[in-house]
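The values are calculated or read from the model by the stated rules, or taken from the named source; none is laboratory data. Keep in mind the model is a prediction, meaning the values are calculated, not measured. Cβ: placed from backbone, ideal geometry, glycine included. Neighbour counts: every protein chain shown.
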Amino acid sequence: MPGITQDELKVLSEAYLKGMDASGSRAGQDMAKAYADRVQREFRKLQKKIHIEFTERDPYAGHEQLVQDVLANKRMYVYTGFSDTPLWSPEVNWMARAVHDYDHVTANTDFSFGGEVHAFQVATTKAPLLEPMFLSEIALQAAVQVVTGSFAAQKLVLSGPEATRIAAQFRRNDPGATKEAHLVWDAAGALQFMSPEELMMQLGAQNIDFKNAVALVLAAETAQDLSRGEAR
C-alpha cells in the first residue's frame with residue numbers, strides 16, 4: 001500500500017461511492033471532453049506500436065500475462081465489459097482502457113492498489129490538468145475495488161478536501177521517482193543514437209533485469225514522443 005492507512009483507503013472509497021456525480025456539470029463535461037480527446041490521440045499512437053484487439057471476455061489472468069503478450073507478440077487484448085458511463089461512449093471507454101493498460105505495461109506496475117496509484121501518477125505526469133479526472137477514474141475506483149471487492153458504476157467524482165489531502169500523497173515528488181524519471185529520459189536520449197535492441201544490451205550490462213529493461217525502453221520511447229511534441 002503506497003503510504004496510506006486502511007482508514008484513509010476507506011475515505012477514498014467512500015469519496016467515490018457517496019460523491020455526487022459531476023459528469024453532467026459544465027466542469028465535468030469540459031474535463032470529460034478533454035480527457036476523451038486525449039485518449040483518442042493516445043490510442044492512435046498506441047496502434048502504431050502494437051496491435052490492439054477488443055474482446056468481450058476478460059483476457060488476462062494478471063499483469064504478468066498482459067506484459068508477456070505485449071512483449072512477445074506486440075499485441076494487447078482489451079476487455080470491453082462494464083463500459084457504460086455517463087462520461088463518453090463505450091468505444092471511447094475501450095480506448096481509455098487500452099491507454100491505461102499500456103501505462104501499466106510501460107511502468108511495469110501491476111493491478112494492485114499500489115499499481116493503480118502508479119498508473120495514476122503516470123497519467124497525471126502526462127496531462128497534469130486532468131488530475132481530478134484521473135483521480136476519480138483510477139485511484140478512487142481502485143480504492144472502491146479494494147475496500148468492497150467489486151467495481152462501482154462509473155461516474156465523475158470531484159473529490160472533497162479530505163480525499164484530496166490523502167491523494168496528494170500520491171504525487172511523484174519522492175527521490176526514488178525522481179531517479180526513475182532521470183533513467184527514463186537518459187534512455188530516451190540514448191535512443192537517438194542506438195536501437196532499442198542495443199539499448200537493451202546496454203541496460204543488461206548495467207545489471208538491470210530484463211523485465212525492468214523492457215519497461216524502461218518502452219517508457220523511453222514514450223518520452224521521445226513527448227520531446228517531439230507528439231503527445232500533445
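Of all residues in region 195-213, those that are surrounded by 12 or more Cβ atoms within 10 Å (Cβ to Cβ) and either on the phi > 0 side of the Ramachandran plot or touching a His at 6+ places or on another chain (Cβ under 8 Å) (or both) total 0.
None of ALA98, ALA107, ALA61 is at pLDDT below 90 and closer than 28 Å to PHE210 by Cα except ALA107.
Name the one entry in LEU130, LEU140 that is modelled with pLDDT under 90 and closer than 19 Å to LEU87 by Cβ. Give the derivation first.
Values: LEU140 fails: modelled with pLDDT under 90.
The conditions single out LEU130.
Beta carbons closer than 9 Å, at least 6 apart along the sequence or on distinct chains, pair a first residue in region 138-149 that is more than 12 Å from ALA167 (Cα to Cα) with a second that is of a type in the set (Ser, Thr, Tyr) and crowded, with 21+ Cβ neighbours inside 10 Å for GLN141/TYR16; VAL144/SER13; VAL144/TYR16; GLN145/SER13; VAL146/SER13; VAL147/SER13; THR148/SER13. Residues in region 108-127 that are surrounded by fewer than 19 Cβ atoms within 10 Å (Cβ to Cβ) and either among the aliphatic types (A, V, I, L, M) or within 21 Å of ARG41 (Cβ to Cβ) (or both): THR125, LYS126, ALA127. For region 103-147, the tally of residues that are part of a loop (DSSP other than H, G, I, E, B) and not aromatic (Phe, Trp, Tyr) stands at 6.
ASP30 falls short on exactly one of the conditions (1) surrounded by 12 or more Cβ atoms within 10 Å (Cβ to Cβ); (2) modelled with pLDDT under 90; (3) under 21 Å from ASN93 (Cα atoms), and that condition is (1).
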